[in-house]
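Before any comments, here is the structure.
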Amino acid sequence: MTIKASSIKPRDRDTIISALRAGVVPRLGLQHIQVGRQREIEALIRDIERIGEGGSSIRFVIGSYGAGKTFFLFLVRQIALQSKLAVCQADLAPDRRIHATGGQARSLYAELARSLATRTAPDGGALRNILESYIQKATERASKSGVPVETAVREGLGDIREMVAGYDFATVVAAYARGYEDGNTTLQDNALRWLRGEYSTRTEAKADLGVRTIIDDGSFYDGLRLLARFVRIAGFGGMLVCLDELVNLYKLQSSQARKQNYEQILRILNDVLQGTTEGIGFILGGTPEFLLDTRRGLYSYEALQSRLAENSFAGNGLADYSGPVVNLPSLTPEELYHLLERLRDVFAGGVQEKWLVPDDALTAFMDHCSNKIGDAYFRTPRNTVKAFVDLLAILDQNPGTKWQELLGQVDISEDRQGSSDLDVAADSDDPDDELATLSL
């Protein structure tokens with residue numbers, strides 16, 4: 001089986017190769033290495049369409065370490081950007097979580113706000129562009145109606161002022177517009193700091209912007225809702241929030257801290273299921289243990305377990321893609337073979353005549369991996385992919401080298417990150433305990 005070669009941009013080629021050799025997901029060119037999971041992608045595309053129509057969605061993307069969760073999230077992010085949504089993303093970490101009292105939730109919000117991306121600013125930092133796009137629209141309305149620009153800016157934010165913390169949000173947007181019109185960069189920067197959740201005290205925010213509130217730990221979710229509403233007012237379809245590495249919540253030492261984070265997730269889930277929020281979607285990536293463990297995972301919280309339980313009719317070849325949980329299936333050997341074909345094509349820049357290895361080498365490589373680590377070579381393919389890219393890198397840089405001579409030297413190990421790395425010490429009662437140390 002062969003694939004039809006197509007031209008691949010040098011930038012995409014280099015990004016894909018560098019990222020995969022480092023064991024991380026590339027930010028560019030994902031379409032060149034995507035295989036399988038068509039039905040899962042179709043389900044998320046329907047979510048994106050729903051968000052663009054003013055609805056909301058939430059999905060828990062569940063897969064083992066190395067099975068491709070992060071790749072899947074990046075692919076959905078790319079689709080959302082092409083669908084004229086704004087997208088923000090962040091990984092949970094010791095200093096970033098959904099609920100906290102020591103600044104960790106505000107830190108997560110700030111990371112999401114800084115990462116805000118659009119189709120014209122795909123690498124993040126798009127909040128300033130979104131603000132200025134809104135101001136330009138308000139300026140056009142002002143010139144037509146004969147009112148001051150700031151008046152048009154405030155009138156356009158009427159819906160936001162009715163939301164929690166919306167009055168101050170609208171005030172800050174108006175302050176940015178005033179700074180934009182007057183050329184006051186300090187005022188613009190202060191407004192951006194507030195909108196990104198970078199103020200740590202109300203006193204400083206009041207002195208700089210005249211507002212009495214800030215986006216803090218307690219307003220993490222409300223801040224995202226405000227941002228999503230503003231994005232829609234500015235002319236975008238809505239906002240998609242991608243949160244990865246939710247296993248960090250599973251690894252919290254404090255049972256109280258875990259419960260509080262799970263309660264925040266429940267609040268978001270209820271709002272989406274009940275249709276009380278609009279123009280915003282959430283994708284949360286985690287491991288099976290994070291979802292299913294009845295002592296530390298989401299299933300330890302009864303209200304979440306009942307809402308996230310699998311459809312009892314699913315199974316025996318039947319699947320339900322309408323529920324909030326999307327279980328990423330393992331790649332099949334055939335899909336992994338197709339992935340190796342695509343990687344070979346990436347190295348050749350899409351030019352078939354420059355392929356470094358023939359089809360026989362792909363089959364031989366898979367047989368070698370199977371003998372080394374068994375079925376894990378295609379069920380959690382991260383290490384398999386990295387080893388294959390390393391092999392191609394040697395062949396690319398050393399013309400005349402025979403792949404048969406290198407194959408026996410390919411060292412591959414099973415990806416064992418996961419529950420074995422978990423520190424399951426007795427639960428603490430301190431809600432501000434830090435996350436267990438991770439090596440991801």
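Each residue in the stretch 177-228 was checked for being part of a helix (DSSP H, G or I) and open to solvent by 10 Å² or more (accessible area, probe 1.4 Å), and 23 pass.
Put simply, of Ser56, Ser64 the only residue that is of a type in the set (Ser, Thr, Tyr), within 17 Å of the chain's Cα centre (by Cα) and either modelled with pLDDT under 85 or open to solvent by 80 Å² or more (accessible area, probe 1.4 Å) (or both) is Ser64.
Taking the conditions (1) over 17 Å from the mean Cα position of the chain (by Cα); (2) surrounded by 18 or more Cβ atoms within 10 Å (Cβ to Cβ); (3) of a type outside the set (Phe, Trp, Tyr) in turn, Gly275 satisfies each one other than (2). Which residue is farthest from Lys69 (Cα to Cα), if the candidates are limited to the stretch 274-300 and must be out of contact with any helix residue (DSSP H, G or I) (no Cβ under 6 Å at 6 or more places or on another chain), in a helix (DSSP H, G or I) and in contact (Cβ under 8 Å) with a residue 40 or more places away in the chain? Restricting to residues being out of contact with any helix residue (DSSP H, G or I) (no Cβ under 6 Å at 6 or more places or on another chain), in a helix (DSSP H, G or I) and in contact (Cβ under 8 Å) with a residue 40 or more places away in the chain, the top hit is Ser300. Mind listing just one residue for me: the one in the stretch 11-39 that is among the β-branched types (Val, Ile, Thr) and outside any loop (DSSP other than H, G, I, E, B) and, of those, surrounded by the most Cβ atoms within 10 Å (Cβ to Cβ)? Checking each candidate, the answer is Ile16. Among the residues of the stretch 278-308, the ones that are among the polar types (S, T, N, Q) and crowded, with 21+ Cβ neighbours inside 10 Å come to 1 in all.
Residue-wise test of (1) among the charged types (D, E, K, R); (2) open to solvent by 30 Å² or more (accessible area, probe 1.4 Å); (3) without any contact (Cβ under 8 Å) to a residue 12 or more places away in the chain.
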site: Gly349; (1), (2), (3): no, no, no
site: Glu353; (1), (2), (3): yes, yes, yes
site: Asp359; (1), (2), (3): yes, yes, no
site: Asn383; (1), (2), (3): no, yes, no
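No other residue among Asp411, Asp367 is of a type in the set (D, E, K, R) and not in a helix (DSSP H, G or I) apart from Asp411. Criterion first (touching a helix residue (DSSP H, G or I) at 6+ places or on another chain (Cβ under 6 Å), farther than 24 Å from Ile45 by Cα, at pLDDT below 95 and open to solvent by less than 40 Å² (accessible area, probe 1.4 Å)) does Ala93 satisfy it? The answer is no for Ala93. Within the stretch 178-226, the set of residues being on the phi > 0 side of the Ramachandran plot and in contact with a helix residue (DSSP H, G or I) (Cβ under 9 Å, 6 or more places away or on another chain) comprises Gly197, Gly210.
The values are calculated or read from the model by the stated rules, or taken from the named source; none is laboratory data. The shown structure was predicted, so the numbers you read here are calculated from the model rather than taken from an experiment. Don't worry about glycine lacking a Cβ; one is built from the backbone with ideal geometry, like all the others, and counts go over all protein chains shown. We work out accessible area using only protein heavy atoms, side chains counted, and drop any ligands, DNA or RNA first. Shrake-Rupley method; radii C 1.70, N 1.55, O 1.52, S 1.80 Å.
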